[in-house]
Structure formats: structure tokens, C-alpha cells
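A.B. asks: First the structure, then my questions, so here it is.
The values are calculated or read from the model by the stated rules, or taken from the named source; none is laboratory data. Please read these numbers as outputs of a predicted model, since none were measured by experiment. Using ideal geometry, Cβ is built from the backbone for each residue, glycine included, and neighbour counts are taken over all protein chains shown. In case anyone asks, the SASA skips ligands and DNA or RNA and just uses the protein heavy atoms, side chains included. Shrake-Rupley method; radii C 1.70, N 1.55, O 1.52, S 1.80 Å.
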Amino acid sequence: MTRRGVLTLLLGIAIYAVAWLFGAKALYPVALGLVLAPIAARTWVRLAARPIALRRRIGGGLLGRRASGGHLFEGEDVWVTLEAQPEARVPLPSISVTERIAKLGERHTPLQRAGGPYRGTYVIERVSRGRYDVEEATATIDDPFGLARSEVDLAAAGSLLVYPRLVALDRLFSESGAHAQDGRRLLLRRPSGFDLHSVREYEQGESLRKVHWRTTARRGQLMVKELEDAPRDEIAVVLDAEASAVAGGSFDEQVRAAGSILRSHASHGRRAVLAVNSAARPSVRVSSLDGDWLLALGLLAAADADGTRPVVELLARDGGPASRAVETVIVTANVSGALATRLVQRSLAGQGVSVVWIDAPSFVGRPTRIEPELLRLQAAGVAVAVVRSGDSLAAVLGAAPAPRSAHG
């Protein structure tokens, strides 16, 4: 019972007492009405407060079930329709649903009876890229006069996944001019290699090139490497999510750049891997724009700039997602000396290397700056694309006769 209901009940009791003391029979109906109203409201609300099944719809699809062409992209307005199906046999006096959604806060939605279920809709305007999990959901049942109220906990399962808005790139800045891999197509490269599977004893006539000298020294007899042919990823797209380098909306631009480059490779059937240098350091492999592409798109949508370790550690890690790639693309807002050295080494070793540098200060209105390591990379023949606030990603990342120099 609400505070209003308690006060109404007390007022009814008081009027009844006055009527009894002074013999004012005309007050008895008023007193009884004031006493019975909150009691009846409380009874109605308690009978209605039974388990409630809640469904969420976005457009024409259930939340969490993606229909073809029904994906959500950043910058759009999102209509979320709630459908509540109570188990109670009595009609609900009134019902509203309060949801607590990660990054969006609380949403309070009144529901109205629409045939069978109760429905209500709210709008999230110009939603940003991200994954928005429903952390808590509660249904509130009130009587029409606000005399009684009851809350029912609802299943909070559900999330809203908003994808980044990518640009179509037929050719990339790294595939033009001096960075065109000497005119060879990446598809002509054999994306495979040999991995160390085990070691065994040396057999007469085997090449000494197969000797595993470290194990030989430990055991005191010749041991050879047992190799197995393993597929390699052609391209590694590394999204640097180090928190310290982010300013304003610069990380969202990094995500769009990484996703657009990855999509370009996938559309040409090139095997690629997306690695995110965040706290969890997730990765996903992509070979086409089919099912595995949606996994990559979901990873981009949920990516947060919460990394604490420099991206060069991800490149240096043996067995890491970027260690087996023929070509590496780094999308970052911070090119350190260690990272530049590692990329130059890869370039000198014949591996394809390119860098997309996001000018983070430009996204918060600060003067444009150029990191000196970018000039070092360009001098070593590494393809560099510079993205500033307001730039067209299609123009910067696409192949052009005269790509922008790091000098600005």
C-alpha cells in the first residue's frame, strides 16, 4: 500500500470515529468508502502481481535475434517496443516497466493493453556504437488512484548491439603507388606455412637443416623438428584500444577505419584476422562477408578503449593473432618508438605493413600534431594514412593518386 493509501485508510477510520462519537450517520458511508478503497486496491494489486513474461522488439525483430537487413547502426534512432504477458487471471490496473540499461541509464515505459499483451514503446535517439546490456528490469503495478503498488522483477536478459557505420573501399591506400606490393595481388600469395609440431630422433640421411639444436643440446643426441603445414592469415588488422591515447570520439573513428579495411579484404575473399588491443585482447578470423563477418562486426560494435598495454606487445607475442599474418595493418592513435621499430623490422623482412594513424587531439578541438615516428615509417616505405576529425574515411583510406603525407 502506498503512502496515499495509508493516509486514505487512516482518514476513513478517523471519519468513522467522528461519526460514531457525534452520531453523524451521514458520515458512515464516506468513512466506509475511504476505508474499503485502499483495502480493495491492495487486494487487486496483489492478485495482479504474478510472474510476467517480457519481450523486447526493435522494429520488426525480437531483441537479440537479427533478421536479414535488420541490423542497427550508429547514429540511428532506435524504437524499442516492450510486450508484457502477465500470468495473472485478473486484468492489471496499470503497469509500467523500468529498465536499467548499461551506458544508457534507466528507461521508464508505461504499457497499455493491446488485445492480449500490454505494450509500450520508447525511443533511443541517435544511438552510439556499442553493446547495451539490460542489467535490470522491473514491472510496477499501480491501481488507478495510486493507493496500492507492487513491483515484479522481470528477466533482464537482452542486449542492444549497435554496429559501427563503415565505408565501402574498393582499393586501399596501401595498394596504390609505391605500396602496391610490386604489382602482385595478395590473393596470389600462398597463405600457409610450417609450424613446429614436435621433435623426434634424427634418422640417417635427413637434412641437418631440420635439426632442433636446443633439444639436441639438452638430450645429447641429434633431434629433428617435426613440422606440419598450417594455414596462415593473409592480413592482420590490429585495432589499438589503449585507453591513454583516446580523446573525444577518436576511438569510434578508429573502429570505423579498422572495420572498413577489414570489410574491404573480406569482400575480396582474403583471409584476415581482426585483433583488438583492449583489456581482453579478443580476435576473430574472417574470410568472407558471410557468417564470420557478423562475428567481426559484433566485436567491433562491442569494442571499448580499455587497453592498458601497448600494441607492440600484441605484435611481439609468439602465437598471437598477428604473428602469422603476411600483411599487418595497425589502426592506432599512438605510434611509439618501439612500435615504429617493430613495424620497420617487419617491412625490411618483406612483410606488408601499413598504418592508419588517428589524430586524437583533433577530435577535441586541439591543434593538429604529427608524431615524428610517422615520418620514420614513411621513410622506411611503410604506407601511412592520417585521419583527422571531419575527414572522409573513404577518401583517406581509399587508393588515391597522391595519398596524404604525414607532414600534413
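A.B. asks: In the list Leu187, Leu196, which residue meets the criterion of being farther than 24 Å from Ala296 by Cβ, open to solvent by 60 Å² or more (accessible area, probe 1.4 Å) and modelled with pLDDT under 55?
C.D. replies: Leu196
A.B. asks: Right, here's the next one. Is there any pair linking a residue in segment 108-119 that is without any contact (Cβ under 8 Å) to a residue 12 or more places away in the chain and under 12 Å from Ile95 (Cβ atoms) to one that is open to solvent by 70 Å² or more (accessible area, probe 1.4 Å) and in a strand (DSSP E or B), with Cβ under 7 Å and at least six apart or on different chains, and which?
C.D. replies: Partner pairs satisfying both residue conditions: Gln112/Arg119.
A.B. asks: Let me ask something else. Within segment 270-286, count every residue that is open to solvent by 10 Å² or more (accessible area, probe 1.4 Å) and out of contact with any Leu (no Cβ under 7 Å at 6 or more places or on another chain).
C.D. replies: Residues that pass the stated criteria total 5.
A.B. asks: Hey, Val152 hits all of (1) surrounded by 12 or more Cβ atoms within 10 Å (Cβ to Cβ); (2) closer than 30 Å to Glu253 by Cα but one; which does it fall short on?
C.D. replies: The number of the failed condition is (2).
A.B. asks: Can you work out which of the residues in segment 328-346 that are open to solvent by 10 Å² or more (accessible area, probe 1.4 Å) and not in a helix (DSSP H, G or I) is farthest from Val246 (Cα to Cα)?
C.D. replies: Among residues in segment 328-346 that are open to solvent by 10 Å² or more (accessible area, probe 1.4 Å) and not in a helix (DSSP H, G or I), the one farthest from Val246 (Cα to Cα) is Ser336.
A.B. asks: Please identify the pairs in which a residue from segment 371-389 that is under 16 Å from Ala245 (Cβ atoms) has its Cβ atom under 8 Å from the Cβ atom of a residue that is in a strand (DSSP E or B) and aromatic (Phe, Trp, Tyr), counting only partners at least 6 apart or on another chain.
C.D. replies: Final answer for the pair search is Glu371/Trp357; Leu374/Trp357; Val386/Trp357; Val387/Trp357.
A.B. asks: Which ones in segment 6-52 are closer than 19 Å to Ser96 by Cα and open to solvent by less than 60 Å² (accessible area, probe 1.4 Å)?
C.D. replies: The answer is Ala41, Val45, Ala48, Ala49, Ile52.
A.B. asks: Further question on the same structure: Name the residues in segment 310-325 that are at pLDDT 80 or above, open to solvent by 10 Å² or more (accessible area, probe 1.4 Å) and in contact with a Lys or Arg (Cβ under 6 Å, 6 or more places away or on another chain), would you?
C.D. replies: Val312
A.B. asks: Separate question: Please go through (1) open to solvent by 60 Å² or more (accessible area, probe 1.4 Å); (2) at pLDDT 90 or above for Ala139 and return the number of the only condition it doesn't satisfy.
C.D. replies: Tallying (1) open to solvent by 60 Å² or more (accessible area, probe 1.4 Å); (2) at pLDDT 90 or above, Ala139 fails exactly one: (1).
A.B. asks: Does any residue in segment 324-344 that is under 12 Å from Ala272 (Cβ atoms) come within less than 6 Å, Cβ to Cβ, of a residue that is among the acidic types (Asp, Glu) and open to solvent by less than 10 Å² (accessible area, probe 1.4 Å) six or more places away or on a different chain, and which pairs are these?
C.D. replies: From residues that are under 12 Å from Ala272 (Cβ atoms), the pairs are Arg324/Asp233; Ala325/Asp233.
A.B. asks: So is Thr308 hydroxyl-bearing (Ser, Thr, Tyr) and more than 22 Å from the chain's Cα centre (by Cα) or not?
C.D. replies: Answer is no for this residue.
A.B. asks: Please state which one of Glu76, Glu125, Glu99 is of a type outside the set (A, V, I, L, M, F, W, C), farther than 25 Å from Gly5 by Cβ and at pLDDT 90 or above.
C.D. replies: Values: Glu76 fails: at pLDDT 90 or above; Glu125 fails: at pLDDT 90 or above.
Criteria check complete, one pass: Glu99.
A.B. asks: Could you tell me whether Ser128 is over 26 Å from Ala40 (Cβ atoms) and of a type in the set (Gly, Ala, Ser)?
C.D. replies: yes
A.B. asks: Among the residues of segment 347-363, count how many are open to solvent by 10 Å² or more (accessible area, probe 1.4 Å) and part of a strand (DSSP E or B).
C.D. replies: 1
A.B. asks: Would you check if Ala395 is under 27 Å from the mean Cα position of the chain (by Cα), surrounded by fewer than 21 Cβ atoms within 10 Å (Cβ to Cβ) and of a type outside the set (S, T, N, Q)?
C.D. replies: yes
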